[in-house]
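Values in this text are rule-based calculations from the coordinates and carry no lab data. Note that the structure is a prediction, hence the values are computed from the model and not measured. Methodologically, a virtual Cβ is constructed for each residue, glycine included, from the backbone with ideal geometry; neighbour enumeration extends over all protein chains shown.
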Amino acid sequence: MNIETLVRPNIKTLSPYSSARSEFKGKAEIFIDANENPFETGLNRYPDPLQWKLKEQISTIKGVPVENIFLGNGSDEVIDLLIRIFCEPRVDHILSLPPTYGMYKVSAGIADIAIKEVLLTSDYQPKVAETVAAADEHTKILFLCSPNNPTANDMEPDRIEALLEQFPGIVVIDEAYIDFSEQKSFIHHIDRYPNLIVMQTFSKAWGLAGIRLGMAFANIEIIQYLNKVKPPYNINQLTQSAALEALKDTDQQSEWVSTLLKEREILSKALAQYPFVQKVYPSNANFIMAKVDQPKDLYQFLVQRGIIVRDRSKVPLCEGCLRFTVGRPEENQLLLAALNAYTK
Ligand SMILES: *Cc1c(COP(=O)(O)O)cnc(C)c1O
């Protein structure tokens, strides 16, 4: 597949902003090239526009070469950039498979890009043939989310591979929840599929939603386009420092994940016992989707007790469902105590 033919013509010919720090990045005594304040505050300098140190650390942990990594101001920035790289407003469109993450549609809407949707099956797997059939020459990007939000399940790898082989455009696999799944990441398939982009994030398992840092893994050509269109200093210094610090302590991340997986099992079993819970869906993520008798009523009941869950009951194929993020053990116990007091 030729990636270049998928890129918008204006992006191909664009000359990107060349920042002071990308024109010179060696060693020097005096930096008077960027109109910064010279007095040391720890933050008076512009950050590294390409985040080399941080990417080297990520490269070691993920086993993916530095040049195949892009960092965004959250995965949400990566979604936005990809849409703007590949989709011509009012001409091209994206394809997504609901029920799924809402940002694909919102980002497309902001860019004036239409979205085509093919519903997942009733057990939340992609319909491969229908999805491929829905694509034409203007269908630039297919967004897959595995494990999927809000349904919490993995997509079957065979179906993902079939889509990678057959879909005629860019395939994004959003792996925001991959650390909670037993499924293997697709990051090691980026060599095999030039049209594949895998997204991961520091917002979930790494406990750093506040710093806004998302990762994308893809072939060099796509990474170069992302670097071309991103704001020059999209990852600020505080974010780069905090992420480097967190990556030193991978044991902490593993410990959180294993605690949350144990809690997920406890909570799933407990939820299934309530007479007003019709179904607890299996989860490969750090949240649980459950179908309940009166979702709005239960949602309000929990709000009154200071517990906020996500009401997904109006989402097609998620009728009646609430989504519960797995909390700390004591928070989960408080949720169950509140549910014990709910008698409908
Ligand atoms: C939480 C989440 C993300 C994370 O987005 P960030 O911008 O990195 O915080 C991405 N995709 C999905 C499906 C999510 O649920």
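Brief remarks on what is shown
- The single residue among 314, 269 that is free of Cβ contacts under 8 Å to residues at least 60 places away in the same chain, of a type in the set (Lys, Arg) and assigned to a loop (DSSP other than H, G, I, E, B) turns out to be 314.
- The combined condition, being more than 14 Å from the ligand (Cβ to nearest atom), closer than 24 Å to residue 259 by Cβ, of a type in the set (Lys, Arg) and part of a loop (DSSP other than H, G, I, E, B), is fulfilled by residue 184.
- Contact annotation: residue pairs with Cβ atoms under 7 Å, 6 or more positions apart or on different chains, pairing a residue in region 19-35 that is surrounded by 12 or more Cβ atoms within 10 Å (Cβ to Cβ) with a partner that is outside any loop (DSSP other than H, G, I, E, B), are 33/20; 34/20; 34/21.
- Which listed residue is surrounded by 19 or more Cβ atoms within 10 Å (Cβ to Cβ) and under 30 Å from residue 165 (Cα atoms), from 67, 77, 88: 77
- Qualifying residue in region 51-59 (condition: among the aromatic types (Phe, Trp, Tyr), surrounded by 20 or more Cβ atoms within 10 Å (Cβ to Cβ) and away from the ligand (no atom under 16 Å from the Cβ)): no
- Some residue of region 115-124 being within 15 Å of the ligand (Cβ to nearest atom) and hydrophobic (A, V, I, L, M, F, W, C): yes
- Screening region 155-181 for residues that are within 16 Å of the ligand (Cβ to nearest atom) and of a type in the set (Gly, Ala, Ser) and picking the one that is nearest to residue 259 (Cα to Cα) gives 181.
- Filtering region 273-298 to residues that are touching a residue at least 12 places away in the same chain (Cβ under 8 Å), over 26 Å from the mean Cα position of the chain (by Cα) and not in a strand (DSSP E or B) leaves 274, 276, 293, 294, 295, 296, 297, 298.
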